[in-house]
Amino acid sequence: MGIANRLASLIILSAFAIAFTFSQYFYNLTYNAEISNANSSIEELLQIVSPTASIAAFVSDEELAKEVINGLMRSKNVKAAAFKSDSIKYEINAKYLQKANVQTFSIYHPFLTDEKIAEILVMPDFSNIERQAARISTGNTYALYLLAVIVTLVSIIICYFLVTRPLKRVSNSLHVLEPGTKDRIITPRYHEGTEIGVLVSDTNGILNNVEQKIKQERKLRAEIEALERRFRMLFENAKSSIVLLDTEGKLVLFNEAFVSLIESTGLYINKQNTEFGELLMELFLEPKLVLTSVRDAFTHGEIAMGEYQLRSFNQAANMWVQLFATQIDTDEGERYYQVMLNDISKRKLELEVLAKQADFDVLTKVLNRNGGEKAIQTKVQQKVEFALVLIDLNGFKQVNDTYGHDAGDEVLISVANRLTDTIRHDDVVIRWGGDEFVLLLKTENGREDMVRNAMDKVRNLIKKPIELAGSGLSVTIGMSAGVAFYPGTASRVDTLMKHADRAMYKAKEVKHTDPDNYLFFASTNKSED
């Protein structure tokens, strides 16, 4: 399949095809020409002997006539001949003179040129003439074939040294040449200005460009590898959990901080099958909330941010993370999601402690006034019907003055515990201040009977003696309470508190005349609202 073999084969086939075609043509041409030359030579010979034959017939000289016929027979192209006149008849090979191909030539009077006095019959030796013509034509054909062979060999040699050999050297050089190196193709001798030389020059130019490009690529690759090592070092050693997911929710990339976070929740991460669902939904305690927030942010082209609690799979403490999610579209049209999770469990715990300190009474562990106001405001915002009961402890000041503040603290703690144990789980206990407590009791349509039944249980429990630790003494206290309904009594919190406070003081006023009447319900006065 090499170009040299192909070129040689084509030259040989073309040469022999041309030689064969022209050899047939020249064979026929030479054959016909030799036949014509043989006939012409016989005619020329007759023209030569014609004067002698005319004299022989005129003088009736038989010997002279024989010499004429014998002279004709000396020709290789004559097979039979005869001289015929009125007085002479001489024949050689007379049996061939009976054939149709006999040629007859007239002999005229030597002085009277228009008077025929004899004739000569000649039978050409056609077989000899054809053999000679065939021999000459065949020789010429062989000579033509030999010439074709010589021309073919010369053409092949010239093409080999001028074309195929230089091309083969160029091809071999290209085959072993490694792009990016200093190696170049050497221009074949005598081809500096030919197409092969131009090809070599252009190829070397391309190799120069390739070498420069490869050097630049290697330099850029080294820089990219260095940057990649630095980024990977930052990525792997980052304290935040960093995750890259595809659109199907599969983990494409994640760092060790993420693995540690997963393991701390008790969830096992399988690096061979990293399918955690869309945006790691399995990790979050409220996945729908996270997913909705992330989708809303992505819809508006924003970064999704939020603080979410993780689900615990090993009964670990509550874990919270701060989530940052971004949507990344590559130049190839692929979409990924980058998620960063910062563990904020410690900060959340600290905030919870601070919130408790801000909203809960340190002594009684129930809501303080600040936390109570928030609880009341929340119920108002949620439009939940409730009864606000303001309780004032009767006899607390005497205990405090008689037994000291420590005893007073014990009484307050005991009252708070009894209130918490008595009310329902969706009701609220608040230490409003000093010896005042507030209860938020869930009601329906402002039913006073429900509130009174609940408060009777509270009063009966509070009236029980309270043991003072370490002293062996017990004290008994009472209570007065005022009730205001939301929204029946008032729809504003400050007005609601005023009504409950007034009702409580009315209960205090009547306790002297009617000790069992500890509870007073505020009247509705919307004009103050």
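The values are calculated or read from the model by the stated rules, or taken from the named source; none is laboratory data. Keep in mind it's a predicted model, so treat the numbers as computed, not measured. Heads up, the Cβs are rebuilt from the backbone with ideal geometry, glycines too, and the neighbour counts pull from every protein chain shown. Side chains are part of the model used for accessible areas, which takes the heavy atoms of the whole protein and leaves out ligands, DNA and RNA. Shrake-Rupley method; radii C 1.70, N 1.55, O 1.52, S 1.80 Å.
Values computed for the structure shown
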quantity: Test for Met305: is it open to solvent by 70 Å² or more (accessible area, probe 1.4 Å) and not in a helix (DSSP H, G or I); calculated: yes
quantity: Candidates Thr203, Thr265, Thr181, Thr164 - the one that is among the polar types (S, T, N, Q), open to solvent by less than 80 Å² (accessible area, probe 1.4 Å) and at pLDDT 85 or above; calculated: Thr203
quantity: Checklist (1) open to solvent by 30 Å² or more (accessible area, probe 1.4 Å); (2) out of contact with any Phe, Trp or Tyr (no Cβ under 7 Å at 6 or more places or on another chain); (3) of a type outside the set (A, V, I, L, M, F, W, C) applied to His499, failing item; calculated: (1)
quantity: Failed item, numbered, when Gly371 is tested on (1) at pLDDT below 90; (2) touching a helix residue (DSSP H, G or I) at 6+ places or on another chain (Cβ under 7 Å); calculated: (1)
quantity: Cβ pairs under 7 Å, 6+ apart, first in region 286-312 and closer than 22 Å to Arg347 by Cβ, second polar (S, T, N, Q); calculated: Ile303/Thr326; Ala304/Ser293; Gly306/Ser293; Glu307/Gln322; Gln309/Asn318; Leu310/Thr265; Arg311/Thr265; Ser312/Thr265
quantity: Long-range neighbours under 8 Å by Cβ, at least six apart or interchain, first residue touching a residue at least 40 places away in the same chain (Cβ under 8 Å) within region 86-108, second assigned to a loop (DSSP other than H, G, I, E, B) and not β-branched (Val, Ile, Thr); calculated: Tyr108/Asp114; Tyr108/Glu115
quantity: Residues located in region 337-383, provided they are of a type in the set (D, E, K, R) and open to solvent by less than 80 Å² (accessible area, probe 1.4 Å); calculated: Lys348, Asp359, Asp361, Lys379
quantity: Yes/no for Lys99 being in contact with a Phe, Trp or Tyr (Cβ under 9 Å, 6 or more places away or on another chain) and basic (Lys, Arg); calculated: no
quantity: Given (1) of a type outside the set (A, V, I, L, M); (2) under 17 Å from Phe396 (Cβ atoms); (3) out of contact with any Phe, Trp or Tyr (no Cβ under 8 Å at 6 or more places or on another chain), number of the condition Gly488 does not satisfy; calculated: (2)
quantity: Residue satisfying condition, being over 15 Å from Thr364 (Cα atoms), open to solvent by 60 Å² or more (accessible area, probe 1.4 Å) and of a type in the set (S, T, N, Q), within set Thr402, Thr422; calculated: Thr402
quantity: Filter pass, Lys463 being among the charged types (D, E, K, R), at pLDDT below 95 and in contact with a helix residue (DSSP H, G or I) (Cβ under 6 Å, 6 or more places away or on another chain); calculated: no
quantity: Tally, over region 85-101, of residues that are surrounded by 15 or more Cβ atoms within 10 Å (Cβ to Cβ) and at pLDDT below 85; calculated: 2
quantity: Candidate set from region 184-199 (those that are over 26 Å from Leu10 (Cα atoms) and in contact (Cβ under 8 Å) with a residue 12 or more places away in the chain); member that is surrounded by the most Cβ atoms within 10 Å (Cβ to Cβ); calculated: Thr187
quantity: Region 220-237 residues that are open to solvent by less than 90 Å² (accessible area, probe 1.4 Å), paired with ones that are of a type outside the set (Lys, Arg) and part of a helix (DSSP H, G or I) (beta carbon under 9 Å, 6 or more apart); calculated: Glu236/Glu256; Glu236/Ala257
quantity: Test: residue in region 485-494 that is free of Cβ contacts under 8 Å to residues at least 60 places away in the same chain, of a type in the set (A, V, I, L, M), farther than 30 Å from Gln357 by Cβ and surrounded by 19 or more Cβ atoms within 10 Å (Cβ to Cβ); calculated: yes
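So that you can scan it fast, the table gives a plain yes or no per residue for (1) on the phi < 0 side of the Ramachandran plot; (2) charged (D, E, K, R):
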{"site": "Trp320", "(1), (2)": "yes, no"}
{"site": "Phe324", "(1), (2)": "yes, no"}
{"site": "Gly333", "(1), (2)": "no, no"}
{"site": "Tyr337", "(1), (2)": "yes, no"}
{"site": "Ile344", "(1), (2)": "yes, no"}
{"site": "Glu350", "(1), (2)": "yes, yes"}
{"site": "Thr364", "(1), (2)": "yes, no"}
{"site": "Leu367", "(1), (2)": "yes, no"}
